[in-house]
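Structure first, commentary second.
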């Protein structure tokens, strides 16, 4: 039986590199975002999660769907998959790790091995779209 973890993620690229976050006590980076709370829309949840994790405010009317990726979930039992629904968006504020986030970094395609499997899938798609170096 497959268990699915449903997450939202924010794709922010600067100089051909993707913004990624690493939680405290975790080895791999992932694309910032998280799960919806009951009754939240994707937009509401993404805005809340990014504010909690990275301290910036996504601009609601700039949020645009990008793609969805599914992969084995990091540090979960085999068969537990994460579904990552990704969005592009503009933001206000200064990027800064917060809450459970220990570190943020812009990671290029050549260093994708630092990231979770779902994040790598997103990076491969971004590379095909000529958005990553």
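The values are calculated or read from the model by the stated rules, or taken from the named source; none is laboratory data. For clarity, every value in this text was computed on a predicted model and none was experimentally measured. Cβ sites come from the backbone with ideal geometry, for glycine too, and all protein chains shown count toward neighbours.
Within the range 74-85, is there a residue that is over 26 Å from residue 38 (Cα atoms), surrounded by fewer than 17 Cβ atoms within 10 Å (Cβ to Cβ), modelled with pLDDT under 95 and more than 15 Å from the chain's Cα centre (by Cα)?
Yes, the range 74-85 has at least one match.
For every residue, the table says whether it meets (1) surrounded by fewer than 17 Cβ atoms within 10 Å (Cβ to Cβ); (2) in contact with a helix residue (DSSP H, G or I) (Cβ under 9 Å, 6 or more places away or on another chain); (3) within 18 Å of residue 123 (Cβ to Cβ).
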{"site": "32", "(1), (2), (3)": "no, yes, yes"}
{"site": "38", "(1), (2), (3)": "yes, no, no"}
{"site": "52", "(1), (2), (3)": "yes, no, no"}
{"site": "72", "(1), (2), (3)": "yes, yes, yes"}
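Tally time: how many residues in the range 105-128 are in contact with a strand residue (DSSP E or B) (Cβ under 7 Å, 6 or more places away or on another chain) and in a helix (DSSP H, G or I)?
Summing the residues that are in contact with a strand residue (DSSP E or B) (Cβ under 7 Å, 6 or more places away or on another chain) and in a helix (DSSP H, G or I) in the range 105-128 gives 9.
Kindly indicate whether residue 106 is in contact (Cβ under 8 Å) with a residue 24 or more places away in the chain and closer than 24 Å to residue 26 by Cα.
yes
May I ask you to list pairs of residues, at least six apart or on different chains, whose Cβ atoms are under 9 Å apart, with the first in the range 34-56 being at negative phi and free of Cβ contacts under 8 Å to residues at least 12 places away in the same chain and the second being assigned to a helix (DSSP H, G or I) and loosely packed, with under 15 Cβ neighbours inside 10 Å?
Every condition considered, the pairs that remain are 37/44; 44/60.
Go through (1) modelled with pLDDT of 95 or more; (2) closer than 25 Å to residue 3 by Cβ one by one and return the number of the condition residue 104 breaks.
So the condition that residue 104 fails would be (2).
For residues that are assigned to a helix (DSSP H, G or I) and in contact with a strand residue (DSSP E or B) (Cβ under 7 Å, 6 or more places away or on another chain), tally how many sit in the range 41-79.
Total meeting the criteria: 9.
Which condition breaks for residue 98 when tested against (1) out of contact with any helix residue (DSSP H, G or I) (no Cβ under 8 Å at 6 or more places or on another chain); (2) within 15 Å of residue 20 (Cα to Cα); (3) surrounded by fewer than 16 Cβ atoms within 10 Å (Cβ to Cβ)?
(1)
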